[in-house]
Every structure is written in structure tokens, then in C-alpha cells.
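J.: Got a structure here, written out as C-alpha cells. Questions coming.
The values are calculated or read from the model by the stated rules, or taken from the named source; none is laboratory data. In this text the structure is predicted, and so the values were computed from the model without any measurement. Virtual Cβ from ideal backbone geometry, glycine too; neighbours counted across all protein chains shown. Side chains are part of the model used for accessible areas, which takes the heavy atoms of the whole protein and leaves out ligands, DNA and RNA. Shrake-Rupley method; radii C 1.70, N 1.55, O 1.52, S 1.80 Å.
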Amino acid sequence: VLREGLPATDLLVAPYTFLNRPLAVFYGLESLIDGETDGTTMRRVVLPTDSRRGGLLTHGSVLAITSNPTRTSPVKRGLFVLENLLGTPAPPAPPDVPALEQAAAAARKDATMRELMAMHREAPLCASCHARMDPLGLALEAYDALGRYRDSDGGQPIETAGRLITGEAFADVPELAARIAGGRRADFHRCLAEKMLTFAIGRGME
């Protein structure tokens, strides 16, 4: 992006990605890597228009680092989007917030992550912050804790549709990325500039 002077929004909605053979297999995109490519060299690959990859929100590293060891975390993923893409971090969680596993213990065995999150945020003190984070994190539920795409979780279909706190609706991750790169582009640019300046001078912005 920097070397070629590409739009910063390519970080969200790029029609390309970078793959080597192991990563292509992991993503299920091995058909995009021809037989002449050596196994370890990363190469730029143009993605099909209906691809489930493209941009940071579907990047395996982002999806894995915002998960728990054994399951996804819509809260961590939603918070990542708020803090690192929109620059609107949620306030710290109130003390003594029960773990999601407590909601799971009271739910039916095949409850979806969306249903568990709804139970988890029943407390009014939690609801306001979760209303900002959860739709963003739940949009990423189509990717498991390691970042692999999936159609269902525990046999239940995954619902990814949601709405930004400012009202813009999205059906899935590509639409969420497009909303941020479109109507919320100024927020994204401001956040990116702040992150890069913080990195460059080694101190936070006020």
C-alpha cells in the first residue's frame, strides 16, 4: 500500500491477497496458486469476486489473535474493529462481569454464539457497550478461532448480519468492510493516522 501509493482502504477491501502454498491450502484457495510457485514464497494473488478473503478482517492472523484458545470471541473481535479500524474504543468492562461460559452453562446445549452473547449482555450495565461490539464481532463468526472459514458452528447455521451503532446495516464481513471503507472512511483514516503516528514517535495521542 505504501510503496505503490494505493488507497488506505485497500487494507479493508483489497481485491487481492498474498499467499504461499501452505497459506493457500489453509484458506482453501490452493486453486489460485499455480504449480510453478514454490511452497514458501509469498505472492500477490487477485481474488475472485465472491471470495471470502480479502482485507484485514478476513486475515488469519487477525482472526486468530482476536480469539480465545478454544473458541472465537465476538467481544475481542468487535473490540479490535472499534479500537484499530474505527478509533472508537469501548470503555473498560465493569468489575465482576461473568464469563461467557456462565451463560453457556444456563443455555441449551446447541445454543449459537449469537444466542449466548444475547444472554451474556442481559445486564443493562453491559448492554450499552456490547451493542457496539457484538454486531461487529458476530459478523466474523463465519471464521473459526484459527481463521478458517466455516458455514456452521456445532451444526447450527451462522448468522453474520448486523448493524453499526451509527445505523448502517451489513449482511456479512465483506459488507462490514465496505461500510467502514465507505461511509466510515474518515473514521478509518483518522484511526490509521493516529496508530501510525503513535508507532512513529513512540507515544500515545491525546
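J.: Based only on the alpha carbon positions, what is the Kirkwood hydrodynamic radius of the stretch 120-206, in angstrom?
T.: Result for the stretch 120-206 stands at 15.1 Å.
J.: Provide GLU30, GLU206 ordered by accessible surface of protein heavy atoms (probe 1.4 Å), highest first.
T.: GLU206, GLU30
J.: Suppose each label sits 7 Å from its Cα in the direction of the beta carbon; what would the ILE65-ASN20 distance come out to in nanometres?
T.: 1.9
J.: Keeping all protein chains in position, work out how much accessible area THR17 exposes to a 1.4 Å probe, and write it in Å² to the nearest 10.
T.: 20
J.: Taking only protein heavy atoms and a 1.4 Å probe, what accessible area per residue, in Å², does the stretch 1-87 have with all protein chains in place?
T.: Value returned for the stretch 1-87: 55 Å² of accessible area per residue.
J.: Would you list ASP153, ASP187 from the most to the least accessible area, probe 1.4 Å?
T.: Ranked from most to least accessible, the order is ASP153, ASP187.
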